[in-house]
1. Please go through region 585-611 and pick out each residue that is part of a helix (DSSP H, G or I) and buried (at least 16 other Cβ atoms within 10 Å of the Cβ).
2. In this structure, is ALA614 surrounded by fewer than 18 Cβ atoms within 10 Å (Cβ to Cβ) and touching a residue at least 60 places away in the same chain (Cβ under 8 Å)?
3. Based on what the data block shows, is ASP195 in a loop (DSSP other than H, G, I, E, B) and more than 30 Å from ALA279 (Cβ to Cβ)?
4. Conditions first: (1) assigned to a loop (DSSP other than H, G, I, E, B); (2) of a type in the set (Gly, Ala, Ser); (3) touching an Asp or Glu at 6+ places or on another chain (Cβ under 6 Å). SER450 passes all but one, so which condition is the exception?
5. Against the definition (within 13 Å of the ligand (Cβ to nearest atom), of a type outside the set (Ser, Thr, Tyr) and part of a helix (DSSP H, G or I)), how does ASP301 come out, yes or no?
6. Please verify whether PHE196 is farther than 30 Å from ILE387 by Cα, of a type outside the set (Lys, Arg), in the same structural domain as PHE345 (by TED's automatic domain parsing) and open to solvent by 10 Å² or more (accessible area, probe 1.4 Å), treating the condition exactly as stated.
7. Just need a number here: residues in region 38-60 that are open to solvent by less than 90 Å² (accessible area, probe 1.4 Å) and closer than 18 Å to HIS70 by Cβ.
Amino acid sequence: MKQKMKPSEKAKSVAAKGNGGETHQRSVEGTGALTSNHGLILSDNQNSLKGGPRGPTLIEDFLLREKITHFDHERIPERIVHARGSAAHGVFTCTKAMGAITKAGFLASVGLETPVFTRFSTVAGGAGSVDLARDARGFAVKFYTQEGNYDLVGNNIPVFFIQDALKFPDLIHSVKMEADRGFPQNASAHDTFWDFISLMPESMHMVMWVMSDRAIPRSLRMMEGFGVHTFRLVNEAGESKFVKFHWRPALGSSCVLWDEAVKICGADQDFHRRDLYEAIASGSFPEWELGLQIFDQATADRLPFDVLDATKLIPEEIVPLEFVGRMVLNRNPDNFFAETEQVAFCPSHLVPGIDFSDDPLLQGRLMSYLDTQLSRLGGVNFHQIPINQPKCPFANLQRDGHMQMQVPKGRANYEPNSIDPGGPRESLEKGFSSFPADLSGQKVRLRAESFGDHYSQARMFYRSVSAPEQKHIAMALTFELGKVEIAAIRKKMLGHLSIVDMDLAASVAEGLGMSGEAENPQEFVEPIELDVSPALSLFHRNERTLQGRKIGILAGAGFDGKTMSDLVAGIQAEGAAVAVICLKIGGTKDSGGKKHVADMALSAAPSVLFDGVAVLSGPQGESELLANADAHAFLRDARLHLKTIGVSGVKRLAQESGIDGLAGVIQFEGADSIARFLESAKSGRVWEREN
Ligand code: HDE
């Protein structure tokens, strides 16, 4: 349909065209006029210009060319790593004044609020890859502070694969799709990754983490975040302490099981993105506390490893966390491309009061991200894109460049100058100055001896986690190495694992059918026995709660309406979301003949999408469910995935799905049955069912 404008509107729109893009946009929005990029009002947005109604399209059609050319250039290079991401706006509130330790303004006074934009990501896959791949997750926060933007660009795992930035391209090449064949996408289970890892023993600690449940989070809202490197905090007096940054999710840390992850990838490849978006849209705002591990040089010197080595963590039992702030994500981006895609994080974006350490991995990152933004966003003015702009005043004498959006005024584009005394000048008191850390020694290409122990913390992590977590690590390694075609790589990995933990190595070797085939590394620093750190176990992070979780209720025809309404009310009162699932999206009737609409059709709602499930039905509905393969799979998977299951009116289906009498299966009979269902579901999984 053509849009017609009144002549008065037309005049207003044309008259409002000026220099400022904002004014222009507002005038167009105000009038409803559809224009070209240069303000020309279109009379027809349905038909290209042709020589006759059935004739050839004319090259003269500059409007067609403008539109299609813009479209052809809609994509920018995706991030070489962390391409797949989801983000949200929010606010960081300081909860503990840290002035004695850091002069960073956003940590200076309790209650001070700082806007943030946070992007979560997978590492290995492309922008369109699945959310539930086994992978580390990026956890990048841009604080728009009054002293400039501060980017805390971390991961959901506190350590990293490598110690020196020079190895990063090799690591990433090895994990991404293989160079000759272009697969696998977003998966580490292939030869090149494990070949590299088998030759890089420094990666063993990180390998334990990425093979653990942490690498398949239930939700981005239920992930911890870590700055990974050691940084510095500096106070007004110029005194410095070291710091490690931690984000702790209010919802606790939850993960899925591998079989669930695989099935979720098929059922909803945007599982994490959708979950974050829907939670925020529904007002259930995800929240994290910012914790700091602050320590001095003397503590660093006492530790049996180097705090500059990013493959090591500091157990909380040694340096506890001090909680200093809370981040709440409360607004979805308005536009995915403009914000989530164009946001440019750089670990080099600092504020006074925070500084770098000499961690050689961090040092490499300090140049890499700026360089990346230049190629991704096309030039030096990427800080003028709205999502990247500081929210405090900013001014300098840098000029011109690709896509300059501002119109800088005046003659003085250099400094010192005398012709613009009011122009921007450096400030000794307020400005950033680097901590004057001592430097000494020769220029060398060497790895410090203190970086030499690659196995002790891998062992500490493995021995610190619970028995089910250990089992999952062994299963993940068996799966991943089972997909490695070259036997020599598997043998080398078994050698490394046997240094980490003999039982782990034996279990993986057994799973691979390669017992006794381990090939030990020639030379290595013998691991030392570190105290276990119970804080590393996910079980310590699992809140007993239904907050932010989702329960799926499968309803068959003739279900008991009262049980349904009590159950829904109970679930919602615990802060969880509910999806009512019927055989057909049109819904079904309860035993009183009342029609209930469905939120989801069973074929699109496998139980892997939920944290707990219930099945309610009358006799007719049960016969229909019994004849439906998806209904059997719904319960079978819920059983395998150790979920709490509530049932009513589906005795035969329960028997056929093998759930009858199992722990965590609750019959909705009697006054307290719904309460028992909710109690069980709060625990997350019914671990006693795992074998
Ligand atoms: Fe990154 N990393 N990285 N990285 N990284 C990028 O920058 C790089 C490292 C992390 O949501 C890139 O803008 C090098 C550790 C996150 O936009 C690139 C090294 C940690 C994100 C880059 C590392 C991270 C990135 C690609 C080794 C955890 C996504 C796109 C020295 C502490 C941020 C971009 C977002 C992104 C380089 C290692 C976290 C290529 C050279 C360690 C969360 O510049």
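The values are calculated or read from the model by the stated rules, or taken from the named source; none is laboratory data. Bear in mind that the values here come from a model prediction, so they are computed numbers and not experimental data. Counting neighbours? That spans all protein chains shown, and the Cβs are built from the backbone with ideal geometry, glycine included. Protein only, heavy atoms only, side chains kept; ligands, DNA and RNA dropped before computing areas. Shrake-Rupley method; radii C 1.70, N 1.55, O 1.52, S 1.80 Å.
1. Listed by number, the residues that qualify are LEU602, SER607, VAL608, LEU609.
2. Details: surrounded by fewer than 18 Cβ atoms within 10 Å (Cβ to Cβ): no; touching a residue at least 60 places away in the same chain (Cβ under 8 Å): yes.
In short, no.
3. Values: in a loop (DSSP other than H, G, I, E, B): no; more than 30 Å from ALA279 (Cβ to Cβ): yes.
The answer is no for ASP195.
4. So SER450 meets the others, but not (1).
5. no
6. Numbers: farther than 30 Å from ILE387 by Cα: yes; of a type outside the set (Lys, Arg): yes; in the same structural domain as PHE345 (by TED's automatic domain parsing): no; open to solvent by 10 Å² or more (accessible area, probe 1.4 Å): yes.
So PHE196 does not fit the description; no.
7. Number satisfying all stated conditions: 9.
A quick yes/no check of all residues on (1) outside the structural domain of MET222 (by TED's automatic domain parsing); (2) surrounded by 20 or more Cβ atoms within 10 Å (Cβ to Cβ); (3) in contact (Cβ under 8 Å) with a residue 40 or more places away in the chain:
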{"position": "GLU519", "(1), (2), (3)": "yes, no, no"}
{"position": "PRO534", "(1), (2), (3)": "yes, no, yes"}
{"position": "GLY556", "(1), (2), (3)": "yes, yes, yes"}
{"position": "ASP560", "(1), (2), (3)": "yes, no, yes"}
{"position": "ALA573", "(1), (2), (3)": "yes, no, no"}
{"position": "LEU583", "(1), (2), (3)": "yes, yes, yes"}
